[in-house]
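Report on one structure; see the data block that follows.
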Amino acid sequence: MTEEQMGELQVLSDLRSWHRRQIEQALGDVRVVQAHEQAILRLHQLSAIKRQRTTEDETERQRARAANSHTGMPQT
């Protein structure tokens, strides 16, 4: 995983934490709690998508390295 990808995942994690703190401070306002819960769920989905794409990118890089090693091309 690249530093950029790790940074993006950290931002999503930080946002989820912020929303959790907002829920704790909502003082029982159901609408506020629901809005923050929905945001947390969406951030979780975005994190899962980002992790999947990161895994796919890494798999593709490994395939390219393997293909290049067989053809003598420079590795990336």
> Just one of 71, 55 is of a type in the set (Ser, Thr, Tyr), more than 26 Å from the chain's Cα centre (by Cα) and open to solvent by 50 Å² or more (accessible area, probe 1.4 Å); which is it?
Replying inline: 71
> Taking the stretch 30-52 as the search range and keeping residues that are closer than 21 Å to residue 1 by Cβ and of a type in the set (D, E, K, R), which one is most open to solvent (accessible area, probe 1.4 Å)?
Replying inline: 51
> Does the stretch 20-29 include one or more residues that are on the phi > 0 side of the Ramachandran plot, open to solvent by less than 100 Å² (accessible area, probe 1.4 Å) and not hydroxyl-bearing (Ser, Thr, Tyr)?
Replying inline: yes
> Would you pick out the residues in the stretch 3-44 that are under 12 Å from the mean Cα position of the chain (by Cα) and touching a residue at least 24 places away in the same chain (Cβ under 8 Å)?
Replying inline: 5, 8, 9, 12, 13, 15, 16, 43, 44
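The values are calculated or read from the model by the stated rules, or taken from the named source; none is laboratory data. Predicted model, so just to flag it, every value in this text is computed and none were measured. Quick reminder, even Gly has a Cβ in these numbers, built from the backbone with ideal geometry, and neighbours come from all protein chains shown. In case anyone asks, the SASA skips ligands and DNA or RNA and just uses the protein heavy atoms, side chains included. Shrake-Rupley method; radii C 1.70, N 1.55, O 1.52, S 1.80 Å.
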